Ligand SMILES: Cc1cc2nc3c(=O)[nH]c(=O)nc-3n(C[C@H](O)[C@H](O)[C@H](O)COP(=O)(O)OP(=O)(O)OC[C@H]3O[C@@H](n4cnc5c(N)ncnc54)[C@H](O)[C@@H]3O)c2cc1C
């Protein structure tokens, strides 16, 4: 266990009592450094260890689809933990209230939790820490290199964070310890919500409906194995071709922490596959993904246009009054009712499957910039739709991907064009030259909505 993966975020007087791990980003039992650290502390103190999760009544734009995926994965993790002698205590309500209440009820000695960069999660943590007078620690198991060690500042681009990450990977890209059964039982077990109550709550969330992605850590491992067996070899050349998707589709599992990037990276490195494909996949999984957490960690305005670099803000402002070729309402966009069947197909892929192909995500967001009256509105609309429909939405990758598409974050200036200014644009004809767009449109829209409504 590498000590630098964990850091203390609050100190207080020493207490004796169980060690509590508050899980909120990494919903898994294995390859979870906060949980490993919590167990290490519990063993040192000869105390029981328990895991808690507070299911908040609302989380950004999450709907039925995301709550359903989350709760099924969590239940599987709860069963695994209970089998290791680690009670899983589920609370329903606001974490800022539920976690301190449970910690007090247990008479806990220390609290350990997941590192997270999202504003709402940081706010929960501030409130929980404020309510408790004890030692609190956080561990980063989302990134292979802990975010605060990878870089002490907001990075400009992949090229600036890449050498830093590569320098640290030999230390961090290593097999983690296996979570062992915990030998000290918790004798007085506080109340935990029952799963029927959770499912009733999930059923009461508004649509969209669940998708075909099977939830949970076991399903994540199966999906990883299928990717290695059938698609990794073609990833290098094919990752930008939406009609023959060779992508891993692991982002929902990564988003809910049902599998770790570390586990995926170690498995990919071990796989017998084409070198270029492995490198190309690891570039996305490690460099791009950790760059996203770096952006949201160090940029308080990660979800609005104040995060754009000066050159990008200036060029968008210069073109603010350019006539837009089309202007669409939120409803037209949400229903995929634009003049562009390729865009409509991408929107419907997201609405129907909960996962849009990565190439189409860029096209989709850039067109929203082109078809709305301002970058501010484009950013807001992209975030709302992305967070509502994608299983992997509400993630630092999403906020960064949208800021990249609309505000040139981590990108450079390109040839100046109407509306976009020097922000990189993407066009229908450009997509047409890259893949058979009609195949993609047919696959996503069927025969009914291929062209102009
Ligand atoms: C406008 C826009 C919105 C996006 N929204 C999200 C989102 O809500 N959630 C999300 O996880 N990703 C988002 N991305 C990033 C990327 O498109 C997705 O991570 C990827 O398409 C997920 O599919 P996959 O797992 O099959 O990816 P693969 O191509 O198989 O890649 C493997 C993993 O690498 C990481 N990765 C790949 N591309 C990127 C990238 N550009 N930036 C950061 N990490 C990357 C992801 O964790 C992904 O699961 C967005 C990108 C854009 C341009």
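All of the numbers you see were taken from the coordinates with simple rules; none came from a lab. Since this is a predicted model, take the numbers as computed values, not measurements. Methodologically, a virtual Cβ is constructed for each residue, glycine included, from the backbone with ideal geometry; neighbour enumeration extends over all protein chains shown.
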Relative contact order of segment 3-141, defined on C-alpha pairs under 8 angstrom at six or more residues apart (%): 43
Rg/Rg_globular for segment 33-121, with Rg_globular taken as 2.2 N^0.38 Å and Rg from C-alpha atoms: 1.15
Pairs of Cα atoms farther than 38 Å apart, the chain, %: 24
Helix-only [θ]222 nm of the chain, DSSP H runs n ≥ 4, -39500 (n - 2.57) each, per residue, nearest 500: -15000 deg cm²/dmol
Alpha-carbon centroid distance for the pair segment 50-110 / segment 194-248, whole angstrom: 22
Fraction of beta bridges assigned by DSSP in segment 3-141 that are antiparallel (%, nearest 5): 20
Length added when fully stretched, residue 377-residue 314, from 0.36 nm per residue minus Cα-Cα: 21.0 nm
Bridge type composition, the chain - antiparallel percent by DSSP, nearest 5: 20
Binned Cα-Cα distance frequencies in segment 114-259 - 5 Å width, integer %: 1, 6, 8, 11, 17, 19, 15, 10, 7, 3, 1, 0
Whole-number percent relative contact order across the chain, with pairs defined as alpha carbons under 8 Å at least 6 apart: 18
Segment 129-182: C-alpha gyration tensor shape, a/c 1.5 cut-off, then a/b vs b/c: oblate
Length gained when the stretch residue 321-residue 414 is fully extended (0.36 nm per residue, less Cα-Cα span): 31.5 nm
P(r) of segment 326-450 over all Cα-Cα pairs, binned every 5 Å from zero, in whole percent: 2, 11, 22, 25, 21, 13, 4, 1
Rounded if a/c under 1.5, otherwise prolate or oblate - segment 280-357, Cα gyration tensor axes: oblate
Degrees, to the nearest 10: 158-172 long Cα axis against longest axis of the chain: 30
Radius, Kirkwood style, for segment 197-331 when every pair of distinct Cα atoms is counted (Å): 18.4
Cα long-axis angle, helix 341-353 against the chain (0 to 90 degrees, to the nearest 10): 20
Segment 305-445, relative contact order in percent, only Cα pairs under 8 angstrom and at least six apart counted: 34
Anisotropy class of segment 118-160 from Cα gyration tensor, a/c 1.5 cut: prolate
Folded to 0 to 90 degrees: helix 95-106 orientation relative to the chain principal axis, Cα: 20
Efficiency of FRET from Cβ geometry, residue 82 and residue 276, R₀ 60 Å, rounded to 0.05: 0.85
Cα centroid separation - segment 349-412 against segment 120-186, whole Å: 26
